[in-house]
1. Keeping the other protein chains in place, figure out the carbon and sulfur percent of the accessible area of the chain, with a 1.4 Å probe.
2. How high is the relative contact order of the chain, in percent, counting Cα pairs under 8 Å that sit 6 or more residues apart?
3. Kindly list the residues of region 1-30 that lie in the label zone of residue 80, defined by a backbone N under 18 Å from the point 7 Å along the Cα-to-C-beta vector.
4. Return the FRET efficiency for the residue pair residue 22, residue 54: r is the Cβ-Cβ distance, R0 is 22 Å, and the value is rounded to the nearest 0.05.
5. Got a sec? What order do 41, 57 fall in by accessible area at 1.4 Å, biggest, i.e. largest, first?
6. Check residue 13: other-chain or 5+ apart residues with amide H under 5 Å from its amide H, H built from backbone geometry?
7. Using 0.36 nm times the number of residues separating residue 62 and residue 96, minus their current alpha carbon distance, what extension gain do you get?
8. Based on Cα coordinates alone, diagonalise the gyration tensor for the chain, multiply each eigenvalue by 5, take square roots, and list the semi-axes in whole Å, largest first.
Amino acid sequence: MRAWLRGDFELVVSPALLAELERALAYPKLAERIGASDREELLELLARAAVVLDDPEGPPPLGSADPDDDYVLSLAQSARAVVVSGDRHLTDLAGQLPVYTPTQLLELLAGT
């Protein structure tokens with residue numbers, strides 16, 4: 001978050017991605033760690049400060065093992081962006097598409 005807010009990179013989201021994040025943040029294991037007002041503030045910040053693109057309609061450049069993740073790949077393709085995720089279904093594609101874990105992105109930004 002700090003690197004994004006500093007302007008080290010642009011964050012690209014879509015309505016579907018924001019909706020998925022909202023659902024995930026409401027899961028009990030996350031909701032007990034992140035209060036409702038903080039969740040709402042985060043979603044508002046993302047909607048206001050990130051690059052918000054329309055949900056992609058086309059197929060992904062390569063399908064993941066979880067078809068529910070394919071819209072993320074389509075979004076990245078349409079934005080000419082990399083995917084940053086800890087989701088194994090996406091990170092498994094790292095050899096074929098520009099997919100990084102959050103740690104790998106931070107290392108890349110730090111030049112290490």
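1. Values: 3940 of 7540 Å².
Reported share for carbon and sulfur atoms: 52 percent.
2. On the way: 99 pairs, mean separation 23.0, N = 112.
This gives 20 percent for the chain.
3. Label zone hits: 9-13.
4. Numbers: r = 18 Å, r/R0 = 0.81.
E(calc), rounded to 0.05, equals 0.80.
5. On the way: 41 120, 57 180 Å².
Accessible-area ranking of 41, 57, largest first: 57, 41.
6. HN-HN under 5 Å from residue 13: 51, 52, 53.
7. Working: separation 34, 0.36 × 34 = 12.24 nm, distance 0.84 nm.
That works out to 11.4 nm of additional length.
8. On the way: eigenvalues 97, 63, 45 Å².
Semi-axes from the Cα gyration tensor: 22, 18, 15 Å.
The values are calculated or read from the model by the stated rules, or taken from the named source; none is laboratory data. What you see is a predicted model; the values in this text were computed from it and never measured. Please note: Cβ atoms are built from the backbone with ideal geometry, for glycine as well, and neighbour counts cover all protein chains shown. These area figures cover heavy atoms from the full protein model, side chains too; ligands, DNA and RNA do not enter into them. Shrake-Rupley method; radii C 1.70, N 1.55, O 1.52, S 1.80 Å.
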